[in-house]
Amino acid sequence: MQTIKAQAQAHNIKYNTVMSRLGRGLSLQEALTKPVQHHDMTIRCRVELMGLNPHTIAARLHKGMSRDDAFKPSRPYRRMDLELVKKLAADGHRSTGIAHILERDHGFICTYLKKHKIEYKRG
């Protein structure tokens, strides 16, 4: 009997793909014969341009959603104006004030400020 690795090579599929499928409960035959989905770089570009979370899109695709449905935002996306956020922080606004002015969640604003290394007053 061939090893799983040898069977994967014989079916021209990556060993890690087969093992991942087995871990999800597929039979060995299904894991070896199910077509491999190739996600090209256009997906990554599309995700970034739309301002969506790539992990959300990957999870949706993994659940079996169509590409069109996976890319539908769950809520309207509003891009942040980095210069405005910097100005508000420089003007001495606290993180809660910035969140109120921009009508955003306070936790989101704190994460955004940290991500962009913007010094701000907490609270």
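Phi angles of the stretch 115-121 translate, via the Karplus equation with coefficients 6.51, -1.76, 1.60 and θ = phi - 60°, into HN-Hα couplings of 4, 9, 6, 9, 6, 8, 8 Hz per residue; Gly and Pro are given as x.
Protection proxy ranking, highest mean first, for peptides 98-108, 61-71: 98-108, 61-71, where packing is the per-residue count of other beta-carbon atoms within 10 Å, averaged. Residues Val85, Val36, Val47, arranged from fewest to most other Cβ atoms within 10 angstrom of their Cβ, appear as Val36, Val47, Val85. From helices alone, the chain scores -15500 deg cm²/dmol at 222 nm; the rule is -39500 (n - 2.57) for each run of n ≥ 4 DSSP H residues, then divide by the residue total.
Calculate the FRET efficiency for Lys115 and Lys34 from the Cβ-Cβ distance with a Förster distance of 41 Å, rounded to the nearest 0.05.
Values: r = 38 Å, r/R0 = 0.93.
Calculated value: 0.60.
Distance between the modelled labels on Arg122 and Lys63, one decimal in nanometres: 3.5 nm (7 Å Cα→Cβ projection).
Just so you know, all these numbers are worked out from the coordinates, no wet-lab data involved. All values reported here derive from a predicted model rather than from experimental measurement. Every residue, glycine as well, gets a Cβ built from its backbone with ideal geometry; the counts of neighbours run over all protein chains shown.
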